[in-house]
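The values are calculated or read from the model by the stated rules, or taken from the named source; none is laboratory data. What you see is a predicted model; the values in this text were computed from it and never measured. Neighbour counts are summed over all protein chains in view; Cβ atoms, including those assigned to glycine, are modelled from backbone coordinates with ideal geometry.
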Amino acid sequence: MTLQYLLFDPSDDGEGTGTWDAMASVRAEQLPEVMNEVKAVLAWAEQHSPGPRGPLDDGGAWDADHLVQAEGDWTTVTLTLTGPWAWGEALVAHFGD
């Protein structure tokens, strides 16, 4: 699956941990497609988990957060992943970003 809506912007903390932020702003009729992408990314992340999911400060190896906000005719979906740099880069490569 190649992502059509979610575009990831990576940042590296310099210590082997990265953050990947993605955002898509769509009209209501496209929202199911975006949410399918979010589900696919989270499924891949779970399947290829580098360890337990949870806040890194609490001992988690990776974590994810997504938010859906509607404003007028547009809905913005954001997805943020944090975890080991190699794991996140493998995720992005898998989805062809």
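Figure legend. Inter-residue proximity from the range 62-79: first residues over 20 Å from Leu42 (Cα atoms), second residues crowded, with 16+ Cβ neighbours inside 10 Å, beta-carbon distance below 6 Å, spacing 6+ or different chains. No pairs are indicated.
Can you pull out the residues in the range 5-35 that are more than 12 Å from the chain's Cα centre (by Cα) and at pLDDT 95 or above? Those that are more than 12 Å from the chain's Cα centre (by Cα) and at pLDDT 95 or above: Ser11, Thr17, Ser25, Val26, Arg27, Glu29, Gln30, Leu31, Pro32, Glu33.
Scanning the range 52-86 for residues that are part of a helix (DSSP H, G or I) and either of a type outside the set (A, V, I, L, M) or modelled with pLDDT under 95 (or both), we see that the one that is nearest to Leu6 (Cα to Cα) is Trp85. For the residues Gly14, Gly18, the requirement of being outside any helix (DSSP H, G or I), out of contact with any helix residue (DSSP H, G or I) (no Cβ under 8 Å at 6 or more places or on another chain) and not charged (D, E, K, R) singles out Gly14. Is one or more of the residues making up the range 15-36 acidic (Asp, Glu) and surrounded by 12 or more Cβ atoms within 10 Å (Cβ to Cβ)? Checked the range 15-36: at least one residue is acidic (Asp, Glu) and surrounded by 12 or more Cβ atoms within 10 Å (Cβ to Cβ). Among the residues that make up the range 25-43, is at least one of them touching a Gly at 6+ places or on another chain (Cβ under 6 Å) and not in a strand (DSSP E or B)? No, the range 25-43 contains no residue that is touching a Gly at 6+ places or on another chain (Cβ under 6 Å) and not in a strand (DSSP E or B).
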